[in-house]
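Each remark here refers to the structure printed beneath this line.
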Amino acid sequence: MVDSNVEIPTRFDPFAEAEEFSTHRAKEYVHIRIQQRNRKKSLTTIPGLRKEYLSYEKILKNLKKELCCNGNVVQDKELGKVIQLQGDQRKNVSQFLVNAGIVKKDQIKIHGF
């Protein structure tokens, strides 16, 4: 009465596909954040740009020229390379990234107050 042709899997992880999907989806977004330095001074940070085909220095140079602000590229342990700009440039940066064709509008998340 027992079928000997049935194979029993030795190891099955039902969440394996969900983990791959969630980590892949989290890395697709470009998060534009603002950090308060002093009372009036603030920084705009842009982590999450794809590093395969991008040159952070070229993007930073064009951002600085178009937005008339200063900035730099910082290496972070967790996030990798992060672009920092002076002032609250969240909306301007999102428009620049979409117009330059670097990311699509639905891939941008703006955070802050």
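Below, the figures for the structure above:
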| quantity | calculated |
| --- | --- |
| Hydrodynamic radius of segment 27-113 per Kirkwood, over alpha carbon pairs, in Å | 13.0 Å |
| Protection proxy ranking, peptides 87-93, 59-65, average beta carbon neighbours within 10 Å, highest first | 87-93, 59-65 |
| Accessible surface, segment 60-105, averaged per residue in Å² (probe 1.4 Å) | 68 Å² |
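The values are calculated or read from the model by the stated rules, or taken from the named source; none is laboratory data. These numbers come from a predicted model, not from an experiment. When we count neighbours, we look across all protein chains shown, and the Cβ atoms used for this are built from the backbone with ideal geometry, even at glycine. What goes into the accessible areas is simple: the full protein's heavy atoms, side chains included, and nothing from ligands, DNA or RNA. Shrake-Rupley method; radii C 1.70, N 1.55, O 1.52, S 1.80 Å.
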